[in-house]
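As structure tokens, the structure follows; a few thoughts come after it.
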Amino acid sequence: MKYSSADIISFVEQNDVKFIRLAFCDVFGRMKNIALLPNELKKAFKHGIPFDISAYLGKNYIMGHELRLFPIESTLSLMPWRPKTGSVVRLLCDIRENDGSIFEYDQRYRLKSYVNDCISSGYFCEIGTECEFYLFNRDDNGEPTNIPHDRAGYLDTSPLDNCENVRREICITLEEMGLSPRSSRHKYGYGQNEIDFKHGDPVSTADNFTQFKVAVNAIAYQNGLFCSFLPKPINDNIGSSLLINMDISKNGDSLFSYNSLDEIHENGNQFMAGILDRLPEMTSLINMNTNSYNRLNQIKLDNSMPDLIRVQPELDMRRIALCSPDAMCNIYMTLNLLLHAGMEGIQNKKSLNDVRCKTFNDLPSSFEEALELTSQSDFVKSIIGESVWKSLRFSLDEIVDLYNSTTDKLKFENEMYMKYYG
């Protein structure tokens, strides 16, 4: 739904809103925000709210370069877990330079710009997400433990599935926020859950995903639990993925509208070939954590999911699903990279038979290896921006060095997740 700034200001006045959180996603995929009082909202719409660039590109970036947050009217959502009296709302923001011009390294802006380019070329993109996560108990002091909230398995129900009520509360909260969950279920691991979202345009899907993660963490905390989006938070338990479903259509016809790989439209095969061809060099940004490679390497050992891209045969959904991503990524950056790679496959008429990467075995085996592949990729750096890559590489190399020097690596990853990503 479209709102004007006047509509938002009126809503705030009429609904006893006491705080407006101006939110954005930094390059690491973490949600950041500035809380405004209502009398500052009009100023925010007109002039933006200043913040230092280090909040976006990371603490290692030279401070002193000021950016501004401009609220996006269409992204208004309530935070239902906050008090009903003196409520709190959130607005996602465009990031601009101090003079109001476009901040070229804003990954949301880059995704939006490329989606518009695709539309101009006759291609329309719809994307959905299926995100897995774990719910763990907290100890008597409120600190997270590694004890799963239940010992249920795939599609189990209560009383085995102790997560059922929390999942229901999460889905209701998401609906109250104006988001679009499609289904939820218990997954294979103890305490492991999944929530799927309806398909939408790539920018809206990315917006919803960033808000989804915040909502899940908040509801888990209110229920005395800890939510972990780490891809493999327990060594002997199954990993968590972020399945990304994509449908690309041209002139109203899906490129993936048939039921078998051989029958898919030629452009559909080329789109998949483009993604598979570029995936190794994009992996460090699609799986942006040392822990991500515990999951990927376990899949290689088990050979439990040999296909990186699945063709979904349902006639009403007509999509492909990429299986390698996890929730530690910057979703705006990830979707932008995937769309660029797929469209490059169409433009260069890439063949599925020729691409070297067809299974998980062809992906890098460590975060260190993945970062080095990205560092050699002019393709990736041209999409996310050279300065963004330099900042990311500096920060992520620090994490790799700390990881390599520690003995209890899983403990380090869990602590780093809470400190750095949580």
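The values are calculated or read from the model by the stated rules, or taken from the named source; none is laboratory data. Keep in mind that this is a model prediction, so the values were computed, not measured. A quick note on method: Cβ atoms are made from the backbone with ideal geometry, for glycine too, and the neighbour counts reach across all protein chains shown. Ligands, DNA and RNA are excluded from the accessible area calculation, which covers all protein heavy atoms including side chains. Shrake-Rupley method; radii C 1.70, N 1.55, O 1.52, S 1.80 Å.
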Query raised in the report: Using a Gaussian network for the chain with springs between C-alpha atoms less than 10 Å apart, which of these wobbles most: D408, D117, D307?
Result: D408
Report summary line: Among beta bridges assigned by DSSP with both residues in the range 1-158, the antiparallel ones amount in percent, to the nearest 5, to 75 percent
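Taking 0.36 nm per intervening residue step and subtracting the Cα-Cα distance, what contour gain separates K198 from Q376 on full extension? Show your work: numbers first, answer last.
Details: separation 178, 0.36 × 178 = 64.08 nm, distance 3.56 nm.
Residue separation times 0.36 nm, minus the Cα-Cα distance, leaves 60.5 nm.
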Report summary line: Computed from the beta carbon distance with a Förster radius of 56 Å, FRET efficiency for L37 and N353 to the nearest 0.05 stands at 0.40
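Using helices alone, what [θ] at 222 nm do you get for the chain, with -39,500 (n - 2.57) per DSSP H run of 4 or more residues, divided over all residues and rounded to the nearest 500? Let's see the in-between values first.
On the way: 13 runs with 162 residues, N = 422.
-12000 deg cm²/dmol, from helical runs alone.
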**Report entry** Partners for K390 among aspartates and glutamates (Cα-Cα distance below 16 Å; same-chain residues under 8 apart left out)
**Finding:** D26, E104, D106, E281, E368, E372, D378, E398
Query - Charge dipole of the chain about the Cα centre (unit charges at C-beta), most positive-ward option of Y188, S351, S204 - result: S204
Requested in this report: Could you quote the convex hull projected area for the range 78-175, Cα atoms only and averaged over all directions, in nm²?
Outcome: 11.9 nm²
**Report entry** DSSP-assigned coil residues among trypsin sites (Lys or Arg not before Pro) in the range 275-381, each with at most 10 further Cβ atoms within 10 Å
**Finding:** R356
Query - Principal axis dimensions, largest first and in whole angstrom, of the range 164-290 by Cα - result: 51, 35, 24
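In the neighborhood of R393, defined by Cβ-to-Cβ distances under 11 Å, what is the net charge if each Lys or Arg adds +1 and each Asp or Glu adds -1?
-2
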Report task. Please name which of Y221, L276, F124 has its Cα lying farthest along the dipole of the chain towards the positive end, using unit charges on Cβ (Lys, Arg +1; Asp, Glu -1) and the Cα centre as origin. Result -> Y221
Query raised in the report: How about K43: which aspartates and glutamates have a C-alpha closer than 20 Å to its C-alpha, ignoring those fewer than 8 places off in the same chain?
Result: D7, E13, D16, D52, E66, E73, D94, E97, D99
Query - Cross-link pairs beyond the 22 Å C-alpha cut-off, checked among K2/K42; K42/K198; K232/K409; K112/K349; K187/K300 - result: K42/K198; K112/K349
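List the GluC sites (Glu not before Pro) within the range 5-105 that DSSP assigns to loop and that have no more than 13 neighbouring Cβ atoms inside 10 Å. List each step's numbers first, then the result.
Numbers: sites: E13, E40, E66, E73, E97, E104; in loops: E104.
Counting only loop positions with at most 13 other Cβ atoms within 10 Å, the GluC sites (Glu not before Pro) in the range 5-105 are E104.
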Query - Cα pair distances of the range 23-112 binned at 10 Å [whole percent] - result: 16, 49, 29, 7, 0
Report task. For the range 267-422, state what percent of all Cα-Cα pairs lands in each successive 10 Å bin, counting from 0 Å until the bin that includes the largest distance. Result -> 10, 39, 35, 13, 3, 0
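Would you work out the relative contact order for the chain, in percent, from Cα pairs under 8 angstrom that are 6 or more residues apart?
Values: 796 pairs, mean separation 66.4, N = 422.
Rounded, it is 16 percent for the chain.
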**Report entry** Whole-number Å³ per residue for the convex hull built on Cα positions in the chain
**Finding:** 151 Å³
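Roll a 1.4 angstrom probe over the protein heavy atoms and tell me the percent of accessible area of the range 361-422 that is carbon or sulfur.
48 percent
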Report summary line: In a Gaussian network model of the chain with springs linking alpha carbons closer than 10 Å, the residue among H186, H47, H149 that fluctuates most is H47
Query raised in the report: Under the Karplus relation 6.51 cos²θ - 1.76 cosθ + 1.60, θ = phi - 60°, what is the ordered set of whole-Hz ³J(HN,Hα) values for the range 116-132, x standing for Gly and Pro?
Result: 5, 4, 4, 4, 4, 8, x, 9, 10, 10, 10, 9, x, 10, 10, 10, 9
Query - L155 versus N116: modelled label distance in nm, points set 7 Å from Cα along the beta carbon direction - result: 4.4 nm
Report task. State in Å² the accessible area per residue of the chain; use a 1.4 Å probe, count heavy atoms of protein chains only, and round to the nearest integer. Result -> 43 Å²
